[in-house]
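Some notes on the structure that comes next.
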Ligand SMILES: Cc1ncc(C[n+]2csc(CCOP(=O)(O)OP(=O)(O)O)c2C)c(N)n1
Ligand SMILES: [Mg+2]
C-alpha cells in the first residue's frame, strides 16, 4: 500500500472505477443502440456524471435507500441493480427489472434500496423523507439519498422536503446533481441563488459543494454527510457540480450549448479519465489493471445488450396484472 | 386561404395570431423558448417538441421560460389571468398536473363561483396527453376526466389541425380557465387549415362521418381509430356515424342524443381509464335521456383500468384499437341481426 495515497484500498479504487466504467459504457452503448432505432421511448443518459453516483453510493449498503431521477441509469448501476435486468427493461422485455412495464425512466429494485428512477421532477425528495422516517422508526441506521438536478431543485416538493427533513432530523441527504442545464435552460437563469449551500442554509441544513468530476471530492464529502446522518446528526445537502456529455435526451440537438462545449468537457473534464490518471500516476493501480476492468466491463455490456435483444417480450396478459396487490 | 399544415403548426399559428391581436396574451412554460441563460442559441427548443418554435423571434419577452416549478408558474398564470392578462401556460405533459393541481382545482376553477360571479380567470393551460410514445406511466396518461369532473374548468381536446387552431383561439378568448389537451401522437397529422384567424365555439361536436346504424362518440386520437373502425364496418354493411366531441366541458349533448335517436346504438371510445371516464359519462347521459331510442346496451371502449405500460407490445394493446371499436359495434348490432 505504500504507493496508495488515497483513502481507499486498491480493491476499493478498482471497484469505484468499475462502477464508473460500467455506467459510462452502458450509456455510450445506449447512445449507439438508440440511434439505430432499437430502443423505444425517452432515454436520458448519465455519461459525464459517473463520479457523483459512484462516490456517493460507495458509502451505502442495501439497507440504505435512494430515490433517483429521469436520468437514473447511473444511480441504478452504482446501487447494485443488475445490468442485464436494466438493459432488458430499457428494451421493454419481460426479463427487465420492471418486467418491461416501466422502461428507462422507471427502473427500480427495492431489494437493493433503489426506490426508482422517476419521471416526475422532484418526486423523490418527499419519498426519501419517508425512507428516512422508516429508517428512524426501525432504528436500523439506514439513510436515504435523493438525487435531483439543478432544474428539479426548484420544485416545491424539494423545498418542502428539505424543511421536513430538517424539523424531523431525518437521516436524509439531498444531492443536487448540478450539470448546468435543465433540458435547454441554464441553471443561472432558473435558480436564483449562486450556491445551493446558501439555499440549504435557508432550510437549516448544512450544505457542501464539490467538483462532481472529482470522484475523491464527492466520495469524501458524501462520506461525511452520510456518516453524520447515520449517527443521528440529521439531513444535509450535497451539491455536485457535474457535466452531461450528451443531450438532455437522445435526439436533442443541443444548440443551447456553446460550440465545442462537449468536446472540451470530454477532453478536459471527464471524471473517468481524471480518476484513472490520478490512481495510475500515483502508482496505486496499474494501467494494466485499469484496462482489465475496461475489457471486463465491455464484455458485460455486450452480453447485456445481446441478452436484452434476445429476451422475450412481455405476454399480453401482463397488461392487466400488478395494478393491485389484491383484487 | 387554406393550406395543409400540421396540428403542431396550427397550435403555433393560433398562439402567434392571438399574441398579435391581443397584447394581454403572454405565453409561459418550461423551455418554450429554450436556451435561457445558456451559452448557445436562444429559441433552442421552442418547447419540448418544438410547438412554440419561432414565436420568440416575433413576440420577444412575451414568451417566458420558467423554472421547473409548476405550482409557481401555473399558479402565476392563473393569478395574472385574474388580474387582466390572458396567459397561455404550457404544462408540457398533463401528467405533471400532479405537482400543481391545487392552483387549478381549488383556485382557477373556483374564483368565478366562489367570489359571487365577480372574478374571471381567462387562463389557458396547454398540455400533451395520451399514449403511444413509449413514454410509460408518468408521461402518457389521458387525464381528461379528472378535469371534466371539476365545475369551472373547460376541457378541450382537438383531434385534427383545423380544430386545434380554431379551438385554441377560442380558448384564449374564452373568459374561463381552459385545459387544452394536445394529443402528442397527432402533432404531425396534417389538415387543411385557413391562414386567417377563426374561432371554433365550445360545445359544438363535429359529425366527422355520417351513418344510420350506430353512433360512435369519441375525442382526440381515438376519433381516428373510430373512423378506421367505421371504414371496416362499412364493408360489412354497417354504417357508423362518428362524432368528435372536440370539447368535453362544455359537452354537446344535443348532437349525441340526436344521433343516437337516429341510429339506436351507441359506442363511446375513450383513451382514458374506464372508471368515471368520458365514456362512462356519455353512456350514462344517453341511457338516462334517450333510453327509448336504444336498441342495444351502450358499449364503452376504453383503455384498461391500468397505468400505461412501457413495453411497446403492451402499450399497443392499451389504446383502444379500430378492431376493438368494431367489435363493440358488432355487440350492439348482434341482436338486431339475430332478430
Ligand atoms: C414535474 C415535471 N416537470 C417537468 C418535467 C419535464 N422534464 C424532464 S427532465 C427535465 C429537466 C430536468 O433538469 P434537471 O433537474 O437539471 O436534471 P437533468 O436533466 O439535468 O439531469 C424536465 C423539464 C418532468 N419530467 N416533471
Ligand atoms: Mg440539470
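The lone criterion from (1) away from ligand 2 (no atom under 16 Å from the Cβ); (2) closer than 24 Å to residue A:289 by Cβ; (3) in a loop (DSSP other than H, G, I, E, B) left unmet by residue A:26 is number (3). Checked against (1) part of a strand (DSSP E or B); (2) within 13 Å of ligand 1 (Cβ to nearest atom); (3) surrounded by fewer than 22 Cβ atoms within 10 Å (Cβ to Cβ), residue A:240 passes all but a single condition, namely (3). Considering only the range B:117-129, I want to know if a residue exists there that is under 23 Å from residue B:50 (Cβ atoms), assigned by TED's automatic domain parsing to the domain that holds residue B:16 and surrounded by fewer than 23 Cβ atoms within 10 Å (Cβ to Cβ). Within the range B:117-129, one or more residues are under 23 Å from residue B:50 (Cβ atoms), assigned by TED's automatic domain parsing to the domain that holds residue B:16 and surrounded by fewer than 23 Cβ atoms within 10 Å (Cβ to Cβ).
Would you tally the residues in the range A:105-133 being farther than 17 Å from residue A:79 by Cβ and free of Cβ contacts under 8 Å to residues at least 24 places away in the same chain? Walk me through how you get there before you give the answer.
Within the range A:105-133, the first condition is being farther than 17 Å from residue A:79 by Cβ, and the residues that meet it are A:119-123, A:125-126, A:129-130, A:133.
Going one step further and asking which of them are free of Cβ contacts under 8 Å to residues at least 24 places away in the same chain, we end up with A:120, A:130.
Going through the range A:105-133 one residue at a time, the tally reaches 2.
Determine, yes or no, whether residue A:140 is more than 16 Å from ligand 2 (Cβ to nearest atom) and either closer than 20 Å to residue A:240 by Cβ or within 14 Å of another protein chain (Cβ to nearest Cβ) (or both).
Values: more than 16 Å from ligand 2 (Cβ to nearest atom): yes; either closer than 20 Å to residue A:240 by Cβ or within 14 Å of another protein chain (Cβ to nearest Cβ) (or both): no.
No.
On the basis of being in contact with a strand residue (DSSP E or B) (Cβ under 8 Å, 6 or more places away or on another chain), within 14 Å of another protein chain (Cβ to nearest Cβ) and either surrounded by fewer than 23 Cβ atoms within 10 Å (Cβ to Cβ) or at pLDDT below 95 (or both), does residue A:260 make the cut? The answer is no for residue A:260.
For residue A:102, the test of being without any contact (Cβ under 8 Å) to a residue 60 or more places away in the chain, within 12 Å of chain B (Cβ to nearest Cβ) and more than 27 Å from residue A:166 (Cβ to Cβ) is passed. Could you check, for the range B:76-84, whether at least one of its residues is outside the structural domain of residue B:314 (by TED's automatic domain parsing), in a loop (DSSP other than H, G, I, E, B), over 27 Å from residue A:180 (Cβ atoms) and without any contact (Cβ under 8 Å) to a residue 40 or more places away in the chain? Yes, because at least one residue in the range B:76-84 is outside the structural domain of residue B:314 (by TED's automatic domain parsing), in a loop (DSSP other than H, G, I, E, B), over 27 Å from residue A:180 (Cβ atoms) and without any contact (Cβ under 8 Å) to a residue 40 or more places away in the chain. Among the residues of the range A:11-48, those that are farther than 16 Å from residue A:301 by Cα and free of Cβ contacts under 8 Å to residues at least 60 places away in the same chain comprise A:11, A:12, A:15, A:36, A:37.
Among the residues of the range B:307-323, those that are touching a residue at least 40 places away in the same chain (Cβ under 8 Å) and either within 13 Å of chain A (Cβ to nearest Cβ) or assigned to a loop (DSSP other than H, G, I, E, B) (or both) comprise B:307, B:308, B:309, B:310, B:312, B:315, B:318, B:319, B:320, B:321. For the condition within 10 Å of another protein chain (Cβ to nearest Cβ), modelled with pLDDT of 95 or more and surrounded by 17 or more Cβ atoms within 10 Å (Cβ to Cβ), residue B:29 does not qualify.
Only one of the listed residues (A:148, A:174) is buried (at least 24 other Cβ atoms within 10 Å of the Cβ) and within 14 Å of chain B (Cβ to nearest Cβ). That residue is A:148.
What is the residue count in the range B:175-209 for residues that are in a loop (DSSP other than H, G, I, E, B) and surrounded by 19 or more Cβ atoms within 10 Å (Cβ to Cβ)? Don't jump to the end; show me each part of the working.
Keep residues of the range B:175-209 that are in a loop (DSSP other than H, G, I, E, B), which gives B:175-177, B:187-189, B:195-205.
If we keep only those that are surrounded by 19 or more Cβ atoms within 10 Å (Cβ to Cβ) as well, we get B:176-177, B:187, B:200, B:202, B:205.
So the count comes out to 6.
Kindly indicate the residue of the range B:78-101 that is more than 15 Å from ligand 1 (Cβ to nearest atom) and surrounded by 22 or more Cβ atoms within 10 Å (Cβ to Cβ) and also farthest from the other protein chains (Cβ to nearest Cβ) among those meeting that condition. Give the derivation first.
Restricting attention to the range B:78-101, the residues satisfying the condition of being more than 15 Å from ligand 1 (Cβ to nearest atom) are B:78-88.
Those still in the list that are surrounded by 22 or more Cβ atoms within 10 Å (Cβ to Cβ) too: B:78, B:81, B:86-88.
Details: B:78: 15, B:81: 20, B:86: 24, B:87: 19, B:88: 19 Å.
The selected residue is B:86.
The values are calculated or read from the model by the stated rules, or taken from the named source; none is laboratory data. None of these values were measured; they are calculated from a predicted model. When we count neighbours, we look across all protein chains shown, and the Cβ atoms used for this are built from the backbone with ideal geometry, even at glycine.
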